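*Asks:* Below is one structure. I have some questions about it.
The values are calculated or read from the model by the stated rules, or taken from the named source; none is laboratory data. Small disclaimer: the values here were computed from a predicted structure and weren't measured. Cβ placement follows ideal geometry from the backbone for every residue including glycine, while neighbour counts extend to all protein chains displayed. Surface accessibility is based on the protein's heavy atoms, side chains included, excluding ligands, DNA and RNA. Shrake-Rupley method; radii C 1.70, N 1.55, O 1.52, S 1.80 Å.
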Amino acid sequence: MSRRRLTATSERSKLDPFVVATGDASPRDQRDLMERPFFSLAKARRTAPILYEAGEVRVEVFAVHEHGMATIWDADVLIWAASQIVEAENLGFKTSRFLRFTPYQLLTAIGRQTGARDYKLLKGALARLQSTAVRTTIRNGEHWRRHQFSWINEWEERTPRDGRVEGMEFVLPDWFYRGVVDRSLVLAIDPAYFRLTGGIERWLYRVARKHAGRQPKGWLFEIAHLHEKSGSLVRVSDFALQLRRIAARQPLPGYRLRIERDGRREWLRILPAHLSTAPVDGAVETLETSHASGIGISHAALSGRRTHEPQLTLWPETAIPGLNLESNSESNSCCWPARSADKPAASERPERQPPPPFSRKPGGER
């Protein structure tokens with residue numbers, strides 16, 4: 001009898017590749033990821049799940065012990081992917097969930113160095129993004145309750161015999177991709193975001209960018225409420241202490257933080273300051289960027305030169321294919337109701353949170 005061979009078909013074989021041809025793209029973030037606890041905020045490995053619920057919104061994030069949960073530093077990969085997709089569609093090109101790119105393009109755009117260690121850390125980030133399971137009710141259809149996915153469906157690297165990583169490709173989940181091509185669900189962020197080193201301050205910037213925008217009175221949150229939204233594993237008192245320290249340092253680009261008290265209740269007011277990005281309500285195309293070169297990447301030109309040139313010829317499709325004539329309308333309008341600065345945020349339902357990043361040394365975010 002002839003033996004049948006069962007072969008698993010790669011998802012990439014069913015998708016047209018989107019070949020990233022440039023690294024110049026204003027950084028954009030996906031709104032749904034900017035305020036809810038989708039990532040670990042700690043630099044140490046986290047395997048404890050995130051279970052967050054507020055009204056009809058539910059977010060559940062699960063990690064495997066081998067890799068740990070995807071961190072807010074790993075999320076830079078998704079920010080980069082969203083930035084490239086939006087930029088390409090602004091230019092009238094067709095995009096896809098299947099991205100082909102060079103590690104040099106990604107690393108330099110998010111302010112990382114391009115040495116051997118950085119390529120290794122990037123692969124660790126991709127492993128965590130693929131192994132982290134997310135289940136959510138956000139943006140589900142009328143007759144669907146939950147959507148489960150990983151941040152990256154599959155990924156692969158191209159290496160010659162000397163072991164150098166010349167090219168990479170990965171497939172994004174449909175849930176994330178749909179949230180990027182819908183322009184009302186994308187916001188430009190300050191390139192200085194990539195210089196923020198703390199997990200909580202990175203998460204706090206994303207919350208500020210989505211809620212405070214350029215409103216004169218900013219946004220007001222009860223600190224206990226912020227703790228629930230962050231998914232942090234630290235106690236509320238320790239979380240509040242960290243917020244006070246962050247407010248004392250004022251590290252968030254474009255925003256000022258102020259601690260306010262009402263009896264025993266403590267609040268954090270987020271106020272807009274000088275923004276290097278355009279107004280929140282501006283169209284996506286009009287948002288300016290200070291570009292990745294301003295992030296200060298030491299040795300980037302030297303380390304990347306050996307792979308940068310050949311990388312652009314790894315695949316025959318070195319240009320982004322086809323015009324996309326079905327582009328979505330562009331808008332930065334808020335996609336879900338939020339509370340004004342004069343009406344303090346009421347606590348949603350509590351939750352837990354975070355562990356490890358991708359280009360920092362271990363050391364918990366206490």
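*Asks:* So which residues in the stretch 64-92 are out of contact with any helix residue (DSSP H, G or I) (no Cβ under 9 Å at 6 or more places or on another chain) and not charged (D, E, K, R), if there are any at all?
*Replies:* Within the stretch 64-92, 65, 88, 91, 92 qualify.
*Asks:* Does the stretch 43-53 contain at least one residue that is out of contact with any helix residue (DSSP H, G or I) (no Cβ under 6 Å at 6 or more places or on another chain), within 25 Å of residue 138 (Cβ to Cβ) and assigned to a helix (DSSP H, G or I)?
*Replies:* no
*Asks:* Step by step: first the residues of the stretch 71-95, then only those that are open to solvent by less than 10 Å² (accessible area, probe 1.4 Å) and of a type in the set (Val, Ile, Thr), then the one that is nearest to residue 44 (Cα to Cα). Which residue is that?
*Replies:* Only one residue tops the list, namely 71.
*Asks:* Among the strands (runs of 3 or more DSSP E) contained in the stretch 135-227, which hold 3 or more residues that are open to solvent by less than 20 Å² (accessible area, probe 1.4 Å)?
*Replies:* Correct list: 167-171, 186-188, 219-222.
*Asks:* I need every pair where a residue in the stretch 27-53 that is without any contact (Cβ under 8 Å) to a residue 60 or more places away in the chain has its Cβ under 7 Å from the Cβ of a residue that is aliphatic (A, V, I, L, M) and open to solvent by 40 Å² or more (accessible area, probe 1.4 Å), sequence separation at least 6 or different chains.
*Replies:* none
*Asks:* Additional query: Out of 26, 40, I need the residue that is at pLDDT 70 or above, over 22 Å from residue 181 (Cα atoms), polar (S, T, N, Q) and within 17 Å of the chain's Cα centre (by Cα). Which one?
*Replies:* Only one candidate qualifies: 40.
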